[in-house]
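The values are calculated or read from the model by the stated rules, or taken from the named source; none is laboratory data. Because the structure is a prediction, the values reported are computed rather than measured. FYI the Cβ positions are ideal-geometry reconstructions off the backbone, even for glycines, and counts take in every protein chain you see. Surface areas here come from the heavy atoms of the whole protein model, side chains and all, with no ligands, DNA or RNA. Shrake-Rupley method; radii C 1.70, N 1.55, O 1.52, S 1.80 Å.
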Amino acid sequence: MKPGRAVGIDLGTTNSVVALIDRDGAPRILTTKEGSTMLPSLVWFSPHGPVVGERAREGLEQSPEMTVFGAKRLLGRRFDHPEVRKLARVLPYMLTEAPNGDTWIQLGNSRAVSPEEVSALILRELKHTAERFLKETVTRAVITVPAWYDAAQRQATKDAAQIAGLQIMRLLSEPTAAALGHGAHRGADRRYLVCDLGGGTFDVAAVDVEAGVFEVLATTGDPFLGGDDIDRVIVDNLARDVRNSRGIDVATDPAALDKLRIAAQRAKHELSEHASAKIDVPDLGELPSGKPLVYARTLRRDELELWASPLVRRLEPPVKEAMRRCGRKREDIEEVLLVGGMTRMPAVRKELARVTGREPSVIANPEEVVAIGAALAVARLDGAIEGVLLIDVAARGLMISRQEQDCELVIAQNAVIPTREHKLLPTRHDDQARVEFDLWEGESPDPSVNRHLGRYAVVDLPQAPAGDVLVLVEVTLDTDGVIRLGASEMVSGDRVQIDQVYHAGLARSEVVRLARQLAGAT
Amino acid sequence: MAARTLQVRCATWDQVEVFTTRKLRKGKLLSMKVPFSTRVGSTLTIGLELPSALVIPIEGVVQRIAPVEVDGKPDPNRTWIEIELTGFNDDIKQRIRAARDDDPDTGVKVAPPAPERRSTQMAAQTDLPNDERELFQHLTAELRRMRQATVHDVLGVPRDAGPEVVRMSWKDLIRKHHPDLVARRHAPAITHLAEELTILANRAYDRMRGALAAEGRAALAGSSVAPPPGWLVAFEDMQSGEGQPAPKRGPNKFERPATPPPPPIKPIPASAMAGQGSDAFESRARAMLAHGDPNTAREVLAAALVVYPRSKPLRSLYYVATALAAMQQGEVMLATAQLETALAHHDQCVEAAKMLEHIRRYGARDPDAMRRLFR
């Protein structure tokens with residue numbers, strides 16, 4: 001069977017990009033129907049079915065509670081995770097708890113969708129974008145994920161791809177992809193520091209490239225710092241300016257705020273190149289006289305930098321922490337890569353240059369370099385590029401516990417994947433037919449600190465006195481950082497079946513059902 | 001010691017021809033560099049693998065040896081040897097000819113086209129056979145070998161290898177076996193084998209770098225292992241106050257490594273400090289182990305390791321104590337792993353070796369037998 005075409009996908013918090021390598025070996029970013037290289041990671045569940053991308057912006061105005069953005073932050077997260085609790089307070093749409101404790105999104109009264117499904121809709125749109133260009137079906141993809149994504153989040157990303165009808169060739173960590181997209185595989189051995197300031201998150205990673213082997217040594221970041229925050233600061237200040245100069249408070253008018261947001265974004269982009277930008281909103285609202293409220297002013301770069309300075313100052317701690325974690329000093333870093341659209345902003349560049357003590361490399365397309373890296377990884381897996389190896393490590397440790405006992409470490413944090421470790425569970429009662437155990441993510445013996453991944457049961461054990469039956473549980477973290485479980489009975493050596501009592505993420509059958517449903521919908 | 005075997009793989013009949021005619025001096029003298037040391041007069045077997053997958057053993061005797069010199073210094077891990085292939089007689093030659101005539105592919109150039117390489121750095125991967133069936137067999141054999149090997153042998157490093165050596169060998173290994181390298185074949189069986197091999201390599205690497213970090217010989221960050229930023233100072237390193245002044249050492253000498261050694265550092269029990277020197281700790285711990293109190297012994301040893309971080313006997317004993325404690329809990333697997341770790345730290349640790357032997361022979365039904373080892 002000839003495998004279908006493959007693409008590289010940067011599935012972002014705010015924007016997603018799809019890229020591939022042309023037959024002549026040049027990377028190419030594919031454009032959406034609207035002619036943009038970036039697809040906003042936005043899904044509007046409109047009355048006429050889901051709308052994805054640029055056209056879903058309409059939904060932000062019409063029905064914000066039915067328009068999902070930033071689903072990547074919810075992917076594979078428990079509902080009681082502190083970050084999700086924080087998001088639940090600020091998001092315009094409702095979050096709800098799935099029966100297994102996952103975070104789902106409540107759409108109106110009737111329906112809840114999983115973040116996997118939302119991501120699948122975005123991935124399907126990217127797949128269609130590529131298919132429009134290639135005029136061939138696309139069936140495989142390399143998708144990038146943040147380096148700190150844990151096993152559950154990676155599994156959720158994989159599920160999303162499967163629902164969208166894409167087979168994952170490899171999950172690639174974003175800093176690695178950025179270094180690859182920058183062309184690190186062609187150059188000499190380097191120690192990179194990758195700073196990725198995108199729409200919603202700031203990620204810092206130390207990446208070593210040595211003889212074609214890419215390794216991520218340490219990652220840190222700020223999950224709530226990005227271009228959207230800077231937009232919000234500009235909008236707040238502009239709204240205050242409207243109130244002061246016109247005496248009209250637009251802060252409670254979502255439509256007006258949205259217009260201000262679009263103007264603010266445009267001005268922000270312009271200010272990366274020029275010292276001042278014009279803001280012109282002809283119909284911001286209605287004056288008491290019935291005439292439209294026209295708002296126009298010039299915004300200077302120093303004004304923007306003043307407003308953004310509290311945010312820019314937050315760039316320093318993660319960078320320092322990343323260097324501390326890999327035991328590096330500022331002098332040890334040989335190249336600083338700036339990734340993500342927000343790094344075009346001169347103030348951000350200046351701050352990162354100050355913190356790292358080194359002038360960052362200029363990347364022509366900081367928004368697209370991660371997707372290009374993913375496309376290069378596709379070419380690498382298909383054998384078109386040689387001499388590159390991308391190494392990943394376990395983002396968090398994996399632990400096993402039995403009922404009412406402490407967790408015990410099975411796979412340590414920073415273990416190089418793929419890896420496998422085992423744990424021996426003897427029976428405790430005579431003729432015990434079933435051994436239950438829990439799988440956790442974390443490093444603490446206290447279960448309440450760790451994230452519960454699932455409860456499993458080994459069933460149909462042979463009858464024997466207590467302790468004579470030994471169940472060997474094998475935990476494998478595969479090359480994508482996804483968990484596989486296997487069990488055997490030590491005395492006889494037979495494989496035994498593992499039942500899932502409870503399991504984080506979507507069930508296999510559910511993924512298959514959703515994939516079929518989505519394939520039927522097109 | 002059993003006679004060693006050297007495998008010579010010939011992918012084409014041309015290579016067989018080259019081997020039998022041009023590689024041999026005077027028809028039966030073969031010289032090469034080997035990664036082990038040997039003696040003059042010891043026997044070696046050359047396994048000549050023919051393209052038809054038939055392996056023909058040829059007896060040989062080492063005639064001359066010489067150390068391999070790197071930068072003017074002899075490399076301890078490599079030796080140059082000259083072997084006389086005493087078993088390379090007419091009978092063998094006849095068998096090779098017969099095998100060649102039987103092979104239906106004879107005459108056809110089966111030599112795989114040299115893969116185009118962009119980078120010369122990735123030389124290892126091109127060693128792999130190109131034919132899928134052959135690759136499958138090669139990987140299966142490799143997996144079988146590595147499953148039975150100790151962590152050192154998986155990585156192919158000596159037991160006391162430093163962080164750089166461990167890291168380089170691991171990199172070479174994954175550059176040969178990583179599943180990404182065979183992904184283009186779209187063969188699930190081969191990808192699976194490659195993943196299994198990579199798992200073994202990664203596990204061995206994780207174990208070894210963990211051991212190095214525990215000894216204070218390495219610092220860990222992410223997937224890397226590097227020499228520690230400074231020399232870990234131990235009591236035994238420092239000169240006592242009277243007598244000659246301490247010899248001058250580099251400024252790094254007094255830095256602690258970035259990662260502290262993992263044994264839990266507990267307040268040192270006053271009783272443990274009663275004796276003097278690492279021997280006192282050791283005998284005290286041994287007495288506790290003989291007494292069947294591995295947990296206290298562990299604490300004493302953890303405390304002692306703070307003072308003598310590079311003492312191999314103490315560290316191996318610490319792992320032995322952990323193993324005994326695990327055994328009392330019925331955790332045989334954990335105990336075995338701990339004992340293996342003890343041996344990885346200090347291959348002279350008699351107790352660990354004996355206990356492992358005991359577990360392998362009788363299982364772990366009898367913890368008292370273990371205790372008796374310390375009497």
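What the table below lists for this structure:
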{"item": "Residue order for A:86, B:26, B:73 - accessible surface, 1.4 angstrom probe, largest first", "result": "B:26, B:73, A:86"}
{"item": "Computed magnitude of the charge dipole of the protein assembly as shown (debye, nearest 20; Cβ of K, R +1, Cβ of D, E -1)", "result": "1360"}
{"item": "Rounded, prolate or oblate (a/c below 1.5 giving rounded, otherwise prolate when a/b exceeds b/c) for region A:1-63 by Cα gyration tensor", "result": "prolate"}
{"item": "5 Å binning of all Cα-Cα separations within region A:124-195, expressed as whole percents from 0 upward", "result": "3, 14, 20, 18, 18, 14, 9, 3, 0"}
{"item": "Value at 222 nm in deg cm²/dmol, rounded to 500, when DSSP H runs of n ≥ 4 in the protein assembly as shown each add -39,500 (n - 2.57)", "result": "-11000 deg cm²/dmol"}
{"item": "Charge-dipole axis of the protein assembly as shown as Lys and Arg at +1 and Asp and Glu at -1 on Cβ define it, positive-most pick from A:293, B:139, A:456", "result": "B:139"}
{"item": "Convex hull volume of region A:177-234 per residue (C-alpha atoms, cubic angstrom)", "result": "74"}
{"item": "Global geometry of region A:7-131, whether rounded, prolate or oblate, following the gyration tensor of its Cα atoms and the 1.5 cut on a/c", "result": "prolate"}
{"item": "Heavy atoms of residue A:309 accessible to a 1.4 Å probe, total area in Å² rounded to 10", "result": "30"}
{"item": "Cα-based convex hull, region A:393-466, per residue volume (Å³, whole number)", "result": "86"}
{"item": "Size descriptor, Kirkwood hydrodynamic radius, that averages inverse alpha-carbon separations across chain A, Å", "result": "24.7"}
{"item": "Reduction of at least 40 Å² in accessible surface, 1.4 Å probe, comparing all protein chains with the chain by itself, residues of region A:366-384", "result": "A:380, A:381"}
{"item": "Mean Cβ neighbour count within 10 Å, used as a protection proxy, ranking B:134-147, A:436-449 highest first", "result": "A:436-449, B:134-147"}
{"item": "B/A buried area, accessible surface, summed, 1.4 Å probe, Å²", "result": "3400"}
{"item": "Orientation-averaged projected area, Cα convex hull of region A:379-520 (nm²)", "result": "11.5"}
{"item": "Calculated Rg and Dmax of region B:295-348 using C-alpha coordinates, Å", "result": "10.7, 31"}
{"item": "Accessible area (Å², 1.4 Å probe, nearest 10) - residue A:407", "result": "10"}
{"item": "Given charges at beta-carbon only (K, R positive; D, E negative), |dipole| of region A:348-433 in Debye", "result": "380"}
{"item": "Accessible area per residue, Å², chain A with all protein chains present, probe 1.4 Å", "result": "42"}
{"item": "Accessible-area ranking of B:319, B:362, largest first, probe 1.4 Å", "result": "B:362, B:319"}
{"item": "Shape parameters for region A:329-384, alpha-carbon atoms, Rg then Dmax in Å", "result": "14.0, 41"}
{"item": "Expected-Rg normalisation [2.2 N^0.38 Å, Cα atoms] applied to region A:404-447", "result": "1.41"}
{"item": "For region A:342-416 versus region A:240-315, the gap between their alpha-carbon centres in whole angstrom", "result": "35"}
{"item": "Ranked order, A:269, B:345 - accessible area, probe 1.4 Å, largest first", "result": "A:269, B:345"}
{"item": "Sorted peptide list for B:80-90, A:467-477, A:139-149, criterion being average Cβ within 10 angstrom, highest first", "result": "A:139-149, A:467-477, B:80-90"}
{"item": "Carbon and sulfur %, accessible surface of region A:91-133 computed with the full protein complex present, 1.4 Å", "result": "49"}
{"item": "Charge dipole of the protein assembly as shown about the Cα centre (unit charges at C-beta), most positive-ward option of A:365, A:200, A:426", "result": "A:365"}
{"item": "Evaluated at q = 0.08, 0.09 Å⁻¹: base-10 log I(q)/I(0), Debye formula over Cα of the protein assembly as shown", "result": "-0.89, -1.08"}
{"item": "Relative intensity, log₁₀ I(q)/I(0), of region A:215-311 from a Debye sum that treats every alpha carbon as a point, q = 0.21, 0.24, 0.25 Å⁻¹", "result": "-1.06, -1.29, -1.37"}
{"item": "Number of partner chain Cβ atoms within 10 Å, mean per residue of B:215-222", "result": "4"}
{"item": "Within 10 Å of each Cβ in B:330-338, the average number of Cβ atoms from other chains", "result": "3"}
{"item": "Cross-link pairs beyond the 18 Å C-alpha cut-off, checked among A:423/B:176; B:26/B:93; B:28/B:93; A:158/B:171", "result": "A:423/B:176; A:158/B:171"}
{"item": "Unit charges on C-beta of K, R, D, E only; dipole of chain A, Debye", "result": "1320"}
{"item": "Peptide A:459-465, shielding by other chains (average Cβ, 10 Å cutoff)", "result": "0"}
{"item": "Whole-number percent relative contact order across chain A, with pairs defined as alpha carbons under 8 Å at least 6 apart", "result": "14"}
{"item": "Spatial separation of Cα centroids for region A:41-100 and region A:145-172, in angstrom", "result": "19"}
{"item": "Protein-protein interface of region A:208-240, residues with accessible area decrease of at least 10 Å², isolated chain reference, 1.4 Å probe", "result": "A:210, A:211, A:213, A:215, A:217"}
{"item": "In region A:247-299, the GluC sites (Glu not before Pro) that fall in loop regions by DSSP, at most 11 other Cβ within 10 Å", "result": "A:273"}
{"item": "Furthest towards positive pole of dipole, A:212, A:223, A:244, structure part region A:207-288, Cβ charges", "result": "A:244"}
